[in-house]
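Peer 1: Got a structure for you, written out below as structure tokens; questions coming shortly.
The values are calculated or read from the model by the stated rules, or taken from the named source; none is laboratory data. Bear in mind that the values here come from a model prediction, so they are computed numbers and not experimental data. Because the Cβ atoms are built from the backbone with ideal geometry, glycine has one as well, and the counts that use them run over all protein chains shown. Accessible surface is based on the protein model in full, side chains and every heavy atom, while ligands, DNA and RNA are left aside. Shrake-Rupley method; radii C 1.70, N 1.55, O 1.52, S 1.80 Å.
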Amino acid sequence: MMNRAKDMRSGSAMSKDFELSTKFVDYISASRRTKPLAIILGSLAIFAMIIFLVGLSYSAFKKLDHETEYSIQVQSDIVTYAPNSQGAPKLLLRNFKLITPMETCIEDESGSLIDEGEIKFLPASIVQFTIKKKNEITIQVKEKHSVSAGKLADFQSDYYQCSLNQSFIIRLFLTDTDTRVLFNLVGSISAGTKLSYATDSYAYLLQDGNMQIIDRSFWAQTPLTFSQDNLKKGDFLEMPSEEDFTTMGILSASFNKDGFEGIFFKKGGVVTVTKPFSEPVEMNISSLDRVLKDNVLAFFMSVSFLFFQILAFLTTTVIRIHVLSSTSSLAKELSRELKE
Amino acid sequence: MGSLAADESRLQYELKHFDESYVQNVSVSGSILVSFMISGDSKTASPDALSIFTVPEVKSVNLQLTSIDGRYTAEAQLAIEVEKAGWVEIALPSKYQDVLKRYKENEIVVFAFANGKDKRGRFVPIVFPTSWGEPTFEKQFFVLNSNGFAPNFIYNDDSDETKQGFCLKMSKKVTRAFNYTCDFFDQKSSGKKVVTFSPSHDESGKRYEVWFSNE
């Protein structure tokens, strides 16, 4: 008896649920509602899929552009520099002398070292910094192009002021009282040597370094750091100066330490690394790296995919109800005919 | 006097030795010291028509050919007999004629030399100019491989004045075998001169004896 009461009670509850669900199904299955509903849900699903695909193609095709920042630290025995404008900064020189040529104003008559002076390298020059012997920095300057294009450098010291129009070499000495040098460079900068099989002299090498590429995230444009410890001994690093993008940095050397340390920064443009005896390669970020690092992009893609799944499910449900209702209305018609 | 007629030049040289290799994927480089090239009527490398300037006192000339990417290298030794200084056209029996013709005239260089000695008994290479096809004398240039910052050359011209020439970096992506060209503007020069090539201004250079021809 208890069971039957229970049954009757559950039976009535069930019939209530059944009534509600049939009312709901009847409501939406009216064909004038299923069709537009299916269309709306389907469109939203397609829209969510489009967002997902946009995110995917963004990660696949986004290249480094004018927003990309390169932050590079390098240890090298050789750095080559070509200033990009008349406004390039001056360099402070201490404890130095001119090696060649003999007749310019950078000359202390007694032949000893000059205490202090300032030199400004001009766009017609290419400058090479090397440390050939410990604590001796050699600065070689030559014309950038074969045809002489004007002054290479302007020099000023306490007693002298002049321009240098032809190739020259300066040697600077680090001592236990003058233990450091620091040069500001703005223009095209490279570190290391592009290795070849030449035997006229020994090539100077880049020793070590790392580069961080800082790009902007999808839509939110927050900074993303792609850290790449990808500079090894023998590499050749080029940071050229293009029309709107230039490299700037500092080059330093210390008493009794090997080589130079360079800290360079570039916003926009390209940076190229040539591994020993290989083709030059422009720095790039793979699309996988981008998706893994760019949390905003990953968020957009996963949310849009989730929405797509929900909407697709709802769309198929509505379509099923429509099919069910059309078959059930068919059944109703058939049963009516049978009764008749 | 221009190059000699083909049948005459065949009598005047004998290819004693010719060894070449072309490796597609691995760049093994030959070694040139200093190549002296003169522009020729062939705009591409033409091993079947290579002109060499030579002199009666030299009986044997060595050739080293290298492509700029290091893929092609060749060595040859010629026994040459000429009555007076002039140009001889030779044909190298290369298996890679089609491959070589794809290189431009300054992408494969020829180092033609004989071994000489200076007054102190030190070895000095004697360098002969070469050209692809018949020489047109529009341009004369040296090609070398340097690690230096400002490779340059010094010589005394016909009036015994010391002249200096500078070399420009070749702006090609792959430059393992050679990376600098140095234009030689003294077109009227002739005879043998000592030319010293240095990697930069403050480093000592290497001496070569170079034969110049202006006709």
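Peer 1: Can you tell me which residue among A:E242, A:E261, A:E279 is loosely packed, with under 15 Cβ neighbours inside 10 Å and either within 14 Å of chain B (Cβ to nearest Cβ) or modelled with pLDDT of 95 or more (or both)?
Peer 2: Details: A:E242 fails: either within 14 Å of chain B (Cβ to nearest Cβ) or modelled with pLDDT of 95 or more (or both); A:E261 fails: loosely packed, with under 15 Cβ neighbours inside 10 Å.
Going through A:E242, A:E261, A:E279 in turn, the sole match is A:E279.
Peer 1: Of the residues that sit in segment B:95-147 and are more than 25 Å from B:R71 (Cβ to Cβ) and in a loop (DSSP other than H, G, I, E, B), which one is least open to solvent (accessible area, probe 1.4 Å)?
Peer 2: Here the residue is B:D118.
Peer 1: Suppose the filter is under 19 Å from the mean Cα position of the chain (by Cα), of a type in the set (S, T, N, Q) and open to solvent by less than 10 Å² (accessible area, probe 1.4 Å); does B:S190 pass it? It would help to see each step written out before you state the result.
Peer 2: Numbers: under 19 Å from the mean Cα position of the chain (by Cα): yes; of a type in the set (S, T, N, Q): yes; open to solvent by less than 10 Å² (accessible area, probe 1.4 Å): no.
No: the conditions fail for B:S190.
Peer 1: Right, next: Among the residues of segment B:193-209, write down those that are more than 7 Å from chain A (Cβ to nearest Cβ), open to solvent by less than 30 Å² (accessible area, probe 1.4 Å) and of a type outside the set (A, V, I, L, M).
Peer 2: B:K193, B:F197, B:S198, B:Y208
Peer 1: Look through segment A:52-77, keep the residues that are touching a Leu at 6+ places or on another chain (Cβ under 8 Å) and assigned to a strand (DSSP E or B), and return whichever of them is surrounded by the most Cβ atoms within 10 Å (Cβ to Cβ). Even if it seems obvious, please write down each step before you answer.
Peer 2: Within segment A:52-77, the subset touching a Leu at 6+ places or on another chain (Cβ under 8 Å) is A:55, A:58-59, A:72, A:74-77.
From the residues that got through so far, the ones that are assigned to a strand (DSSP E or B) too are A:72, A:74-76.
Working: A:I72: 23, A:V74: 26, A:Q75: 19, A:S76: 29.
For segment A:52-77, the residue satisfying everything is A:S76.
Peer 1: A further question follows. Name the single residue, out of those in segment A:264-275 being of a type outside the set (A, V, I, L, M) and open to solvent by less than 50 Å² (accessible area, probe 1.4 Å), that is farthest from the other protein chains (Cβ to nearest Cβ). Spell out the reasoning first.
Peer 2: Initially, segment A:264-275 is screened for residues of a type outside the set (A, V, I, L, M), giving A:264-269, A:272, A:274-275.
Filter once more, keeping what is open to solvent by less than 50 Å² (accessible area, probe 1.4 Å): A:264, A:266, A:268-269, A:272, A:274.
Details: A:F264: 20, A:K266: 21, A:G268: 23, A:G269: 19, A:T272: 11, A:T274: 9 Å.
Ranking the candidates gives A:G268 first.
Peer 1: Name every residue in segment A:185-206 that is at the interface with chain B (Cβ under 8 Å from one of its Cβ atoms), β-branched (V, I, T) and under 15 Å from A:L231 (Cβ atoms), in order of residue number.
Peer 2: Of everything in segment A:185-206, just one residue is at the interface with chain B (Cβ under 8 Å from one of its Cβ atoms), β-branched (V, I, T) and under 15 Å from A:L231 (Cβ atoms), namely A:T193.
Peer 1: Evaluate segment A:258-276: report whether one residue or more is part of a helix (DSSP H, G or I) and not aliphatic (A, V, I, L, M). Full working, then the answer.
Peer 2: First, the residues of segment A:258-276 that are part of a helix (DSSP H, G or I): none.
No, because not a single residue in segment A:258-276 is part of a helix (DSSP H, G or I) and not aliphatic (A, V, I, L, M).
Peer 1: Which residue pairs have Cβ atoms under 9 Å apart, sit 6 or more places apart or on different chains, and have a first residue in segment B:153-177 that is within 12 Å of chain A (Cβ to nearest Cβ) and within 17 Å of A:F236 (Cα to Cα) and a second that is of a type outside the set (S, T, Y) and surrounded by fewer than 12 Cβ atoms within 10 Å (Cβ to Cβ)?
Peer 2: Here the result reads B:K173/A:E279; B:V174/A:E279, each pair linking segment B:153-177 to a residue that is of a type outside the set (S, T, Y) and surrounded by fewer than 12 Cβ atoms within 10 Å (Cβ to Cβ).
Peer 1: Tell me whether segment A:27-40 contains one or more residues that are at pLDDT below 90, in contact with an Asp or Glu (Cβ under 9 Å, 6 or more places away or on another chain) and either part of a loop (DSSP other than H, G, I, E, B) or exposed (fewer than 12 other Cβ atoms within 10 Å of the Cβ) (or both). Break it down into steps so the answer makes sense when it comes.
Peer 2: Initial filter on segment A:27-40 (at pLDDT below 90): A:27-40.
Next, from what is left, pick out any that are in contact with an Asp or Glu (Cβ under 9 Å, 6 or more places away or on another chain): none.
No, segment A:27-40 has no match at all.
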